[in-house]
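FYI, it's all coordinate maths here, none of it is from the lab. The shown structure was predicted, so the numbers you read here are calculated from the model rather than taken from an experiment. Virtual Cβ from ideal backbone geometry, glycine too; neighbours counted across all protein chains shown.
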Amino acid sequence: MDKFRVLIVDDEVDFVETIVKRLRDKGLEAEGVHRGKDAIELLDTRDFDVCILDVRMPGMDGIETLREMKKKKPSMEVIMLTGHGSVESGIQGLQLGAYNYVMKPIPFKDLLKEMTQAYERKLIEEERSLKPDGKA
Amino acid sequence: MERPDVERTSGDHGGTKAGHVVGSNMSPWRDICPYAPSAVLTASAVPLGLTAGWGAAAAVAVMAAISIVSIHRLMQRIHSLDQQRHLLEEQIVRANKLSTVDELSAGIAHEINNPLAIMAQEAQWIHHLLTNTGLRDVKEAAECEDSAAEISLQVNRCKEIVHKLLSLARQMEPVYQCIDVNGLIDNITGLVEREAVPRNIEITKTLQPDLPLVYTDPPLLRQVILNLLMNACQAVDRDGAICVATLSEDGYARISVSDSGCGIPQDILPKIFTPFFSTKPEGKGSGLGLAICRGIIERMGGHISVSSMEGASTVFTIHLPVDNRPQELPSSH
């Protein structure tokens, strides 16, 4: 498996801790933060390929964070994560350019599969932007 | 087919009769080719007037009949070509309209975003002045603040519309990934069920198990199916059923979303994919959801259609090419 860089943003401290451990165990470069604002700040200094972003967080919520992320790092793929399914925010997230929207709890291997697909998409887009005519 | 008939008739009867019969046989063509009968009659009358033999008259009649038949075929061909042309014209007009809408909306959206941002800022400044300066003691201060708040609210509404317009107009090329469409549908219905189950709406799936993997843009397709399912939930409201089905069909994956909801009246059915067309109360829907869906599906080389029975059901059907990736030249790596 390709070694890509993952950012986890969720206010549930335990969830972040465990998932970061498991991702690192898979050989991925993983980082976790607990607030949308922290995530945006981290993007100033570091690059990630895929972000797992919780929709409901105190302070800056997931949708708002997504909006800022897409302004800063449009090529980073974002997978929205939520405990309580809200279809409206799902549509909104996708319209704002999220790769997917998954429900907690999601089995680790399924999440990993989603992240791999999201990363694959990022690679395709990067390859495309490198071509002189800008088309696939 | 006309040939033996005319031949026999003209052989059995007098020349004038032959002319008459040919003439009456032609009456069905009169509508299609009004000038033909008189032309043929004139042509056959000339040799008759010269008292030529029956043979000559028969030959003329036969030739006349043949030419009428060919004219008829020609007319049919022209008619069918005309229909095809109309169809093509309609498609071109729609494609042009779509790209005009795309360009226009992108332009308008960008132009409007800046003034909107200024308005939002000014409304915030008014709010600040009203709450933090001597103005707060003026007796109309509360009313002014209400007005400022309303301005902010409406500006936000405009921003939402502009944002949706931009996503409609976004000229982005789909990123094709090979995916299991059934899996994608399972994932989305899982999400929608959380909204549907409390309202006693049952979501059933009839997914073809061996549906081929499809090269498509997963986030875009998700957006479309999620949107259709949301519409279906709204149409049903409470106590009903939604069915999602997939079927492989001649190089296409067919995805349908049907609901047992209120249905769509026939007279508005053709308009539902038009941008800004909405039956929802003012402010509740932008009228862009289905327009975006159609834009996405057509950009991926597919098409979307709808059929509905008022008061009973609505079915949205998507046809998506299994492999619509742009043709690439063999690359060196």
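Using a cut-off of under 13 Å, list every residue of region B:239-254 whose amide N is near the label point 7 Å from the Cα of B:Thr204 along the Cα-to-beta-carbon line. Only B:240-245 pass the distance filter. Overall, region B:118-267 carries a charge dipole of about 180 debye about its Cα centre when +1 sits on the Cβ of Lys and Arg and -1 on the Cβ of Asp and Glu, all other atoms neutral. Shielding by partners for peptide A:88-96, expressed as the average number of C-beta atoms from other protein chains within 10 Å of each residue's C-beta, is 5.
The modelled label-to-label distance between B:Arg157 and A:Asp61, using points 7 Å beyond Cα along the C-beta direction, is 1.9 nm. Ordering A:Val87, A:Tyr99, A:Met76 by Cα displacement along the dipole of region A:70-110 toward the positive end leaves A:Met76 in first place; charges were set at the Cβ atoms of Lys, Arg (+1) and Asp, Glu (-1).
Applying the criteria of a DSSP loop state and at most 12 other Cβ atoms within 10 Å to the trypsin sites (Lys or Arg not before Pro) of region B:263-304 yields B:Lys284. Packing, taken as the mean count of other beta carbons within 10 Å per residue, orders the peptides A:108-114, A:6-12 from highest to lowest as A:6-12, A:108-114.
Scanning chain A for long hydrophobic helices, with DSSP H runs required to stretch 20 angstrom or more by C-alpha along their axis and to average at least 0.5 on the Kyte-Doolittle scale, returns nothing.
Modelled label positions at B:Glu111 and A:Glu88, each set 7 Å beyond Cα in the direction of Cβ, lie 3.2 nm from each other. Among the GluC sites (Glu not before Pro) in region B:201-283, those located in a DSSP loop and surrounded by at most 15 other Cβ atoms within 10 Å of their own Cβ are B:Glu282. Extension gain for the segment B:Arg136 to B:Glu249, taken as residue separation times 0.36 nm less the Cα-Cα distance, is 33.8 nm to one decimal. For the residue pairs B:Lys164/B:Lys205; A:Lys37/A:Lys122; A:Lys70/B:Lys271; A:Lys109/B:Lys205; A:Lys26/A:Lys122, alpha carbon separations beyond 26 Å are given by B:Lys164/B:Lys205; A:Lys70/B:Lys271. Quick note on chain A: its Rg to Rh ratio, both from C-alpha atoms and Rh being the Kirkwood radius, is 0.95.
Per residue of B:216-224, other chain Cβ atoms within 10 Å of the residue Cβ number 4 on average. Label separation (B:Ala120 vs A:Arg46): 3.0 nm, computed from points 7 Å beyond Cα along the C-beta direction.
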